[in-house]
1. Restricting attention to segment 160-183, does a residue exist that is within 14 Å of the ligand (Cβ to nearest atom) and either under 26 Å from Leu264 (Cα atoms) or not in a helix (DSSP H, G or I) (or both)?
2. Hand me the list of helices (runs of 4 or more DSSP H) wholly inside segment 203-298 holding 3 or more residues that are more than 13 Å from the ligand (Cβ to nearest atom), over 22 Å from Gly107 (Cβ atoms) and in contact with a helix residue (DSSP H, G or I) (Cβ under 8 Å, 6 or more places away or on another chain).
3. What are the residue pairs meeting all of these: first residue in segment 52-63, first residue surrounded by 12 or more Cβ atoms within 10 Å (Cβ to Cβ), second residue part of a loop (DSSP other than H, G, I, E, B), Cβ atoms under 9 Å, and 6 or more apart or on different chains?
4. Does Met90 satisfy being outside any helix (DSSP H, G or I) and in contact (Cβ under 8 Å) with a residue 12 or more places away in the chain?
5. Could you list, in sequence order, the residues of segment 124-148 that are under 23 Å from Asp181 (Cα atoms), assigned to a loop (DSSP other than H, G, I, E, B) and out of contact with any Phe, Trp or Tyr (no Cβ under 9 Å at 6 or more places or on another chain)?
6. Would you check if Ala132 is surrounded by fewer than 24 Cβ atoms within 10 Å (Cβ to Cβ), within 13 Å of the ligand (Cβ to nearest atom) and of a type in the set (A, V, I, L, M, F, W, C)?
7. For the condition under 22 Å from Met90 (Cα atoms), open to solvent by 50 Å² or more (accessible area, probe 1.4 Å) and within 16 Å of the ligand (Cβ to nearest atom), what is the one hit in Arg190, Arg150, Arg137?
8. Out of curiosity, is Asp243 modelled with pLDDT of 95 or more, open to solvent by 70 Å² or more (accessible area, probe 1.4 Å) and touching a strand residue (DSSP E or B) at 6+ places or on another chain (Cβ under 8 Å)?
Amino acid sequence: AAAEPQPKGLLSRLLRRDTDKAEPRRTLDDDMLEQIEELLIASDMGVDTALRVTANLAEGRMGRRVSTREIKELLATEIARIMDPVARPMPLYPKRPQVVLVVGVNGSGKTTTIGKLASQFRAAGKKVVIAAGDTFRAAAVEQLQVWGDRAGVPVLTAPEGSDPASLAFDALTRAQADGADLLMIDTAGRLQNRADLMEELAKIVRVIRKKDETAPHNTLLVLDATTGQNALSQVETFRKLADVSGLVMTKLDGTAKGGVLVALADKFGLPIHAIGVGEQIDDLAPFDPEEFAAALTG
Ligand code: GDP
């Protein structure tokens with residue numbers, strides 16, 4: 001027999017079972033709860049969060065007859081309840097230039113996200129400068145320049161292997177002189193040597209504070225949603241390396257396992273400023289909890 005098309009949403013398995021039956025309602029019992037838990041865990045929500053969500057769902061409803069649609073709606077409500085408080089765009093301050101440090105492991109989508117953000121801010125009438133602070137990866141610097149060109153935003157670079165902190169200092173000097181609204185600083189993402197990376201990030205912060213003691217105003221951690229539960233340990237690691245103020249989740253277009261966002265919100269409560277939904281310059285969207293919950297449970 002031909003392979004069946006993969007059902008899209010998390011709970012489609014339950015839904016399919018129901019549509020096969022004349023009686024669409026089932027009793028909410030331990031067996032059903034366990035199935036829901038499994039589905040949530042399979043979405044990368046993590047065991048703790050999945051258990052909490054199902055416990056909330058079950059409260060006062062055990063033994064009742066429920067339809068899959070009701071369960072989906074209840075789950076979506078529970079998930080949106082966890083996600084609502086973290087759905088916040090990156091705050092903009094009156095401070096000019098506002099300094100945004102961008103951190104994350106290589107491949108997470110830092111470069112792409114900086115390009116997309118630069119384009120959005122520019123479209124909103126902001127003057128933006130980018131500093132290519134990953135000075136050890138020539139390819140990263142080139143890539144950032146491509147994105148800067150696309151967004152129509154200048155990208156400041158330094159010779160390969162030079163001190164990122166010194167580049168950041170020069171970039172802030174330039175951004176101040178130009179009256180820029182925003183300076184976005186890319187950083188290295190090599191986690192292989194955490195002590196080095198920690199020192200590098202700390203030095204960038206120390207040096208830019210010589211020019212502006214309130215900087216950086218935001219420290220964005222870029223996370224790849226397709227890495228699943230790995231994203232949780234990346235948050236833990238980067239919170240030790242830098243004062244992370246918010247998250248951008250990339251590659252949500254490429255995964256049915258976005259459940260990790262729920263785990264992140266549940267565990268850390270860090271704001272999710274935006275989500276990456278593709279590789280093009282406009283593929284960065286505000287995070288919408290209701291839409292997300294509906295897609296996850298769909
Ligand atoms: P960096 O090493 O962290 O700077 O990562 P890049 O910005 O170079 O991105 C790594 C890869 O992920 C590239 O191929 C990007 O096109 C891709 N990418 C980044 N963001 C997204 C996204 O939101 N969706 C998809 N599908 N791909 C993305």
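The values are calculated or read from the model by the stated rules, or taken from the named source; none is laboratory data. Keep in mind that what you see is a predicted model, and the values were worked out from it rather than measured. FYI the Cβ positions are ideal-geometry reconstructions off the backbone, even for glycines, and counts take in every protein chain you see. To get the accessible areas, we keep the full protein, side chains included, count just its heavy atoms, and leave off ligands, DNA and RNA. Shrake-Rupley method; radii C 1.70, N 1.55, O 1.52, S 1.80 Å.
1. no
2. By residue number, 259-268, 289-297.
3. Val53/Met45; Leu57/Leu28; Ala58/Leu28; Arg61/Leu28; Met62/Leu28; Met62/Asp29
4. Yes.
5. Across segment 124-148, the qualifying residues are Ala124, Gly125, Lys126, Ala132, Gly133, Asp134.
6. On the way: surrounded by fewer than 24 Cβ atoms within 10 Å (Cβ to Cβ): no; within 13 Å of the ligand (Cβ to nearest atom): yes; of a type in the set (A, V, I, L, M, F, W, C): yes.
Judged against the criteria, Ala132 is not a match.
7. After ruling out the rest, the residue left standing is Arg150.
8. yes
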